[in-house]
Amino acid sequence: EMLQRIYATAWKDPKQLKQYKRMLEEAKKRDHRTLGKKLDLFSIQEDAGGGLVFWHPKGSTIRRKIEDFWKQQHIDQNYDIVYTPHIANLDLWKTSGHFDFYKEGMFDQMEVENEQYQIKPMNCPFHCLMYKDAIRSYRDLPFRWGELGTVYRYERSGTLHGLFRVRGFTQDDAHIFCLPEQLQDEIVGVLKLTRSILSRFGFEKYELMISTRPEKSVGSDQIWEDATEALVGALDE
């Protein structure tokens with residue numbers, strides 16, 4: 001027998017209920033899914049699969065303008081823009097630790113010439129491979145590499161919601177390779193760049209939270225202590 005989920009709300013008086021209903025109506029007018037359809041910006045084609053976004057010409061124009069702005073902001077802050085593939089050998093994800101930690105959020109693997117390949121859920125291992133591709137000098141550090149990387153993550157169909165919860169998306173991603181003594185200054189630079197970009201889009205009120213070491217982690221205690229100290233120091237600065 002199928003179960004039916006029922007949602008309910010409770011209010012102190014009719015006035016509160018009326019205000020809530022008014023808020024729902026206003027939110028409905030501003031629903032990005034409705035606006036996306038009405039303005040012909042994007043669509044999610046069920047024939048292609050849930051959570052996969054198709055950007056229409058008008059939406060693509062807006063997206064291109066945003067991406068051009070993003071690229072110039074990063075170039076002005078001495079980032080190099082890079083591009084990486086959309087799939088890689090599964091062994092790469094096992095070596096990086098992503099497969100052990102995040103395999104529940106990754107799509108199933110595909111077999112290519114008797115080897116397992118994984119569509120990428122994040123960009124981190126790709127940038128690390130690029131860094132290892134040549135002999136580097138500490139005098140050349142830091143390296144700042146930015147990418148608008150398109151990634152794919154498995155989300156249950158019941159959790160998908162417009163552009164907020166999807167299975168394929170392009171994220172502002174960057175990796176900075178630096179010396180330990182450069183770490184705090186680099187974090188400060190990232191925070192300033194983030195604030196600059198957010199403010200251009202009208203985001204002025206937000207909260208910053210420090211992510212500390214989780215129960216499942218890689219790296220030595222000293223690395224985590226130094227990283228946390230640099231994060232705290234950057235926020236204090």
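Given 25 °C and 0.890 mPa s, how large is the Stokes-Einstein diffusion coefficient of segment 1-61 in µm²/s, with Rh as the Kirkwood radius over Cα pairs? Roughly 165 µm²/s, to the nearest whole number. Counting only residues at least eight positions apart within a chain, or on another chain, the aspartates and glutamates with an alpha carbon under 16 Å from that of LYS192 are ASP76, ASP172, ASP173, GLU204, GLU207, ASP236, GLU237.
Rounded to two decimals, the Cα-based Rg/Rh of segment 6-147, with Kirkwood Rh, is 1.12.
Can you work out the base-10 log of I(q)/I(0) for segment 75-179 at q = 0.22 1/Å, using the Debye formula on its C-alpha atoms alone? Evaluating at q = 0.22 Å⁻¹ gives log10 I(q)/I(0) of -1.22.
Cross-link partners of LYS58 among lysines, defined as those whose alpha carbon lies under 30 angstrom from its own and excluding same-chain residues fewer than eight positions apart: LYS28, LYS29, LYS37, LYS38, LYS71, LYS120, LYS205.
Roughly what % of DSSP beta bridges within segment 56-203 run antiparallel, to the nearest 5?
90 percent
Can you compute the FRET efficiency between MET2 and CYS178 using 1/(1 + (r/R0)^6), with r the Cβ-Cβ distance and R0 = 41 Å? Round to the nearest 0.05. Working shown, then result.
Numbers: r = 55 Å, r/R0 = 1.34.
The value I calculate is 0.15.
Helical runs assigned H by DSSP (4 residues or longer) give the chain a calculated mean residue ellipticity at 222 nm of -13000 deg cm²/dmol, each run adding -39500 (n - 2.57) before division by the residue total.
With each label modelled as a point 7 angstrom along the Cα→C-beta vector, the TRP55-ASP80 pair spans 2.5 nm. For the peptides 162-172, 192-202, the ranking by mean Cβ contacts within 10 Å, running from highest to lowest, is 162-172, 192-202.
Given the chain, report the % of alpha carbon pairs whose separation exceeds 24 Å. Don't skip to the end; give the middle numbers.
Details: 17460 of 27966 pairs.
The share of Cα pairs beyond 24 Å in the chain comes to 62 percent.
Taking the longest Cα principal axis of the chain as reference, the axis of helix 14-29 is set at about 60 degrees. Here segment 105-237 is described by how far its Cα atoms reach on the three principal axes: 46, 42, 31 Å, from widest to narrowest. Only alpha carbons enter this Debye calculation for segment 138-200, each as an equal point scatterer, and the log10 of I(q)/I(0) it gives at q = 0.17 Å⁻¹ is -0.77.
In Å², what does the accessible area per residue of segment 172-237 work out to with a 1.4 Å probe?
Working: 5050 Å² over 66 residues.
Dividing the accessible area of segment 172-237 by its residue count gives 77 Å².
Spatial offset of segment 120-140 relative to segment 153-210 amounts to 20 Å, using the alpha carbon center of each. With the whole protein complex present, HIS127 retains an accessible surface near 0 Å², based on a 1.4 Å probe. Of the trypsin sites (Lys or Arg not before Pro) found in segment 1-69, those that fall in a DSSP loop while having at most 10 other beta-carbon atoms within 10 Å are ARG5, LYS12, ARG30.
If you filter segment 44-135 for GluC sites (Glu not before Pro), then keep DSSP loop positions with at most 16 other Cβ within 10 Å, what is left?
Working: sites: GLU46, GLU67, GLU104, GLU111, GLU113, GLU115; in loops: GLU46, GLU113.
Those that pass, being in a loop and sparsely packed, are GLU46, GLU113.
The values are calculated or read from the model by the stated rules, or taken from the named source; none is laboratory data. Since the structure is predicted, the reported quantities are computational estimates derived from the model, not experimental observations. Reconstructed Cβ throughout: ideal geometry from the backbone, glycine too, with neighbour counts over all protein chains shown. With ligands, DNA and RNA removed, areas are computed over all heavy atoms of the protein, side chains included. Shrake-Rupley method; radii C 1.70, N 1.55, O 1.52, S 1.80 Å.
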